[in-house]
Amino acid sequence: MLPVLELDSGAAITDIIAICRYFEELHLGPPLMGRSAEERAVIESWLRRIEWDGIYAAQEAFRNATPGLKGRALPGPVSLGQIPALAERGRLRLQHFFSWLDARLANNEFVCGPYLR
């Protein structure tokens, strides 16, 4: 599974949110997951929306259309065939997601760079 963070203890963390939370616990700043309960909840909400509406759509399109994934349409130990209609549905869902995201972010200002206190 990717991503994976292997710890010195030998434990492996295979979830990006868990990895972010791990690093946030180790270091005082900058906070990755928000400073307050409200910020953490808003960040978590956005992460889930991106995951459900964007990442799952991309996975559906990619895994059901990529020739190298024949018989691997879903991850895991069971061999499952690709369904071309799911690839098309995933592409349509992804187009809708990006349109929604572009509209949602159009009037927001983002600051990238050093952590500001």
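The values are calculated or read from the model by the stated rules, or taken from the named source; none is laboratory data. Since the model is a prediction, treat every value here as computed from it, not as a measurement. Positions of Cβ are generated from backbone atoms using ideal geometry, with glycine treated the same way; all protein chains shown enter the neighbour counts.
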Checklist entry - Are any of the residues in segment 51-58 hydrophobic (A, V, I, L, M, F, W, C), in a helix (DSSP H, G or I) and without any contact (Cβ under 8 Å) to a residue 12 or more places away in the chain? => result yes
Checklist outcome for this item: Only one of Arg21, Arg104, Arg35 is surrounded by fewer than 13 Cβ atoms within 10 Å (Cβ to Cβ) and under 20 Å from the mean Cα position of the chain (by Cα), namely Arg104
Item to check | Count - residues of segment 65-96 that are within 19 Å of Leu2 (Cα to Cα), of a type outside the set (A, V, I, L, M) and not in a helix (DSSP H, G or I) | outcome: 5
Checklist entry - Would you say Glu24 is of a type in the set (Asp, Glu), assigned to a helix (DSSP H, G or I) and over 30 Å from Arg91 (Cα atoms)? => result yes
Item to check | Qualifying residue in segment 39-47 (condition: at pLDDT 90 or above, in a helix (DSSP H, G or I), within 29 Å of Asp102 (Cβ to Cβ) and polar (S, T, N, Q)) | outcome: yes
Next on the checklist: I'm trying to understand the selection: among the residues of segment 1-50, which are touching a helix residue (DSSP H, G or I) at 6+ places or on another chain (Cβ under 7 Å) and either among the hydrophobic types (A, V, I, L, M, F, W, C) or in contact (Cβ under 8 Å) with a residue 12 or more places away in the chain (or both)?
Outcome noted: Pro3, Leu5, Ile13, Ile17, Leu32, Met33, Leu47
Checklist outcome for this item: Restricting attention to segment 72-97, the residues that are within 19 Å of Trp52 (Cβ to Cβ), surrounded by fewer than 14 Cβ atoms within 10 Å (Cβ to Cβ) and not aliphatic (A, V, I, L, M) number exactly 3
